[in-house]
1. Going by how many other Cβ atoms sit within 10 Å of their own, how do Glu84, Glu121 line up, fewest first?
2. Which whole-number percent gives the relative contact order of the stretch 23-144, counting Cα pairs below 8 Å spaced six or more residues apart?
3. Find how much the distance from Glu39 to Phe75 grows on full extension, using 0.36 nm per residue of separation minus their present alpha carbon separation; answer in nm with one decimal.
4. How much net charge surrounds Thr122 when only other residues with a Cβ under 14 Å from its Cβ are counted (Lys, Arg +1; Asp, Glu -1)?
5. Can you give the net charge of the other residues whose Cβ lies under 10 Å from the Cβ of Gly134, counting K and R as +1 and D and E as -1?
6. Can you list the HN-Hα couplings for the stretch 27-41, worked out from phi with the Karplus curve (6.51, -1.76, 1.60; θ = phi - 60°), rounded to whole Hz and with x for Gly and Pro?
7. Over 18 Å between C-alpha atoms is what I'm after, so list which of Lys71/Lys115; Lys115/Lys143; Lys80/Lys140; Lys71/Lys114 land there.
8. Lys71: net charge of surrounding residues, Cβ under 15 Å, Lys/Arg +1, Asp/Glu -1, itself excluded?
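Rule-based calculations on the coordinates, nothing more; no lab input. Note that the structure is predicted; figures quoted are calculated from it, not measured. Neighbour counts are summed over all protein chains in view; Cβ atoms, including those assigned to glycine, are modelled from backbone coordinates with ideal geometry.
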Amino acid sequence: MTSKKYLGIIIALLVVTSAAHARDQIQHFPIADVMQNEEYAGRLEGVQFFFGDQTHPEIAQNYGEFQSNKKTNAFNKSDKGACEWAFLSALLSFHDRALSSGGNAVVGITGYYKKNKYSSETEFQCGAGNIMAGVTLKGKVVKLK
């Protein structure tokens with residue numbers, strides 16, 4: 001075998017080994033840390049968010065259930081920081097959808113990372129890896145009375 005073939009085999013083994021060790025850890029972080037963050041809060045004005053089974057005012061109009069799947073670069077960031085940014089991005093997607101539909105709230109928001117439902121009134125779910133972090137949410141866009 002030539003040295004080029006050996007090098008090719010070594011590179012292939014390194015790629016397979018690194019892929020096998022890629023991290024995709026599902027974690028949970030406080031919703032309040034994002035919702036009460038002064039930098040983020042202004043971006044979410046005009047739409048109310050209700051997580052899990054939180055009670056909310058009566059619904060006047062239901063615009064449907066939607067999903068938001070957002071990812072962000074996690075390289076050189078803490079898992080919490082990357083996950084909060086992905087979570088905010090998902091909420092902003094709902095925010096824009098609600099306002100463009102005539103809604104003023106998103107209710108029943110649940111996690112749906114890798115199609116696994118996660119319902120909590122206090123925490124959100126995030127998949128954190130070595131280079132990416134992702135949040136998938138489902139929720140109903142509505143107009144509250």
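1. Neighbour counts put them in this order, fewest first: Glu121, Glu84.
2. Over the stretch 23-144, the number comes to 42 percent.
3. The span from Glu39 to Phe75 would gain 10.8 nm if fully extended.
4. Result for the neighbourhood of Thr122: -4.
5. That sum, taken over residues with Cβ under 10 Å, equals +2.
6. 10, 10, 9, x, 4, 4, 4, 8, 5, 9, 6, 4, 5, 8, 3
7. As for pairs spanning more than 18 Å Cα to Cα, those are Lys115/Lys143; Lys80/Lys140.
8. In short, +1.
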